[in-house]
């Protein structure tokens, strides 16, 4: 048998073949190597266990959920990959299951692998429908493929790849008046892509009623509305979709991350019949070899089954209502001078610190105390918690105790920093 991989071996391979930057990042977290996962926990090669409150929103039902694994393993044994020429039942059943948990008007599905691919699908539907101008929001995150990157309003990600797709404009998130001015200036021409809550922006929650107002303005001025729920959807906010909070029905809703049940990568763009018309007319105008492959569709069916049978949407709401005030209380007690805000909805919770460096230190301290969390790519001073909805009482106690210890360590470290340094 070959010798077991060591952390040093894998770091060397990262540097040689993947990314030197990723290797350096791994070293900041002690060069641990994750080798297995189950439920809310992951295990490293040296046997340490960590509560996974990160994963960028993928693990709403934890890792390797039995119902998802059951569906995937059955499909692997029979027909994992299809020709895409003949009829294939798993993609049809997955689409049926997905539209059953969406607003009724959304009944056409295009499956992809990544969230960015779903975004590209939505943007292409808008272009094919004649909407040549696109508005996205400052701080929004929609992915890094060329079209999606044009909507992702972050200078550091855009700069190396300019010129990007033309006719994209970025407006302040939550400013309905600015949006109205642009829509009224270009009636019938504008696609608006927006997140219900900006996850990568740092868990930014818009003013109450903003999303409904966006929908009303888009309809009043003959526009096209894409709701990016790749992170906020599929139970993450304590509702099936962020759209449900205000009763919004977009032309296209995008989902991903948790859609594959924490087992396989799957995303989807779900559209109204009218918005989907260009794809109905020509099945080859927008295609992907691995779109809707049977093993991926088995994961989707298993994920939706798990969400329903275990009532995970309601559990997400209940857990979030418990965690948010307790995390806020600990932060304001332990690090009052370092914390700006604690905010969230459901199981999307952000802790904003006074500077990005402190957010990085807090992530490391959380890891040192057994918890994986995430930074926010468009809000670098925000530590983001996206735990699964399957947390037990003991898991919740562990998470809160670890956050307590991590913030205590953070304030001690900040107190010993040289003035003006970090």
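From the list 211, 296, 225, exactly one residue is within 20 Å of the chain's Cα centre (by Cα), free of Cβ contacts under 8 Å to residues at least 60 places away in the same chain and farther than 29 Å from residue 323 by Cβ. Which is it?
From the options 211, 296, 225, the qualifying one is 225.
When only residues in the range 85-113 that are in a loop (DSSP other than H, G, I, E, B) and in contact with a helix residue (DSSP H, G or I) (Cβ under 9 Å, 6 or more places away or on another chain) count, which is nearest to residue 182 (Cα to Cα)?
Of the residues in the range 85-113, the ones in a loop (DSSP other than H, G, I, E, B) are 85-88, 100-105, 113.
With the extra rule that they be in contact with a helix residue (DSSP H, G or I) (Cβ under 9 Å, 6 or more places away or on another chain), the set shrinks to 88, 100-103, 113.
On the way: 88: 44, 100: 35, 101: 33, 102: 29, 103: 28, 113: 33 Å.
Only one residue fits best here, namely 103.
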> If residue 170 passes every condition in (1) touching a helix residue (DSSP H, G or I) at 6+ places or on another chain (Cβ under 6 Å); (2) without any contact (Cβ under 8 Å) to a residue 40 or more places away in the chain; (3) surrounded by fewer than 22 Cβ atoms within 10 Å (Cβ to Cβ) but one, which one does it miss?
Replying inline: (1)
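Going by what's in this entry, would residue 22 be described as without any contact (Cβ under 8 Å) to a residue 12 or more places away in the chain and either in contact with a helix residue (DSSP H, G or I) (Cβ under 8 Å, 6 or more places away or on another chain) or not in a helix (DSSP H, G or I) (or both)? Give the steps one after another, and end with the answer.
Numbers: without any contact (Cβ under 8 Å) to a residue 12 or more places away in the chain: yes; either in contact with a helix residue (DSSP H, G or I) (Cβ under 8 Å, 6 or more places away or on another chain) or not in a helix (DSSP H, G or I) (or both): yes.
Against the criterion (without any contact (Cβ under 8 Å) to a residue 12 or more places away in the chain and either in contact with a helix residue (DSSP H, G or I) (Cβ under 8 Å, 6 or more places away or on another chain) or not in a helix (DSSP H, G or I) (or both)), residue 22 qualifies.
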> Which ranges mark the helices (runs of 4 or more DSSP H) fully within the range 139-223 that have 2 or more residues being within 25 Å of residue 56 (Cβ to Cβ)?
Replying inline: 146-151, 155-158, 210-220
> Picking from 406, 328, 359, 414, which residue would you name as being without any contact (Cβ under 8 Å) to a residue 60 or more places away in the chain and either over 21 Å from residue 200 (Cα atoms) or not in a helix (DSSP H, G or I) (or both)?
Replying inline: 406
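Which one of 399, 391 is within 24 Å of residue 27 (Cα to Cα), surrounded by 17 or more Cβ atoms within 10 Å (Cβ to Cβ), modelled with pLDDT of 95 or more and assigned by TED's automatic domain parsing to the domain that holds residue 40?
Values: 391 fails: within 24 Å of residue 27 (Cα to Cα).
Only one candidate qualifies: 399.
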>> Return the residues of the range 331-353 that are touching a residue at least 12 places away in the same chain (Cβ under 8 Å) and touching a strand residue (DSSP E or B) at 6+ places or on another chain (Cβ under 7 Å); say none if nothing qualifies.
In response: 331, 338, 339, 340, 342, 343, 344, 349, 350, 351, 352, 353
>> Among the residues of the range 42-72, what is the count of those that are within 15 Å of residue 369 (Cα to Cα), part of a strand (DSSP E or B) and either in contact with a helix residue (DSSP H, G or I) (Cβ under 6 Å, 6 or more places away or on another chain) or touching a residue at least 60 places away in the same chain (Cβ under 8 Å) (or both)?
In response: 5
> Among 106, 76, 98, which is in contact with a strand residue (DSSP E or B) (Cβ under 9 Å, 6 or more places away or on another chain), within 14 Å of residue 299 (Cα to Cα) and in the same structural domain as residue 277 (by TED's automatic domain parsing)?
Replying inline: 98
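Within the range 124-146, take every residue that is within 18 Å of the chain's Cα centre (by Cα) and surrounded by fewer than 21 Cβ atoms within 10 Å (Cβ to Cβ) and give me the one that is farthest from residue 288 (Cα to Cα). Lay out the reasoning, then the answer.
Step one: list which residues in the range 124-146 are within 18 Å of the chain's Cα centre (by Cα), which gives 136-145.
Then drop every residue that is not surrounded by fewer than 21 Cβ atoms within 10 Å (Cβ to Cβ), which leaves 138, 144-145.
Numbers: 138: 30, 144: 18, 145: 15 Å.
For the range 124-146, the residue satisfying everything is 138.
The values are calculated or read from the model by the stated rules, or taken from the named source; none is laboratory data. Note that the coordinates shown come from a computational prediction; the quantities given were computed from them, not determined experimentally. Note that each Cβ is placed from the backbone with ideal geometry, even for glycine, and that neighbours are counted across all protein chains shown.
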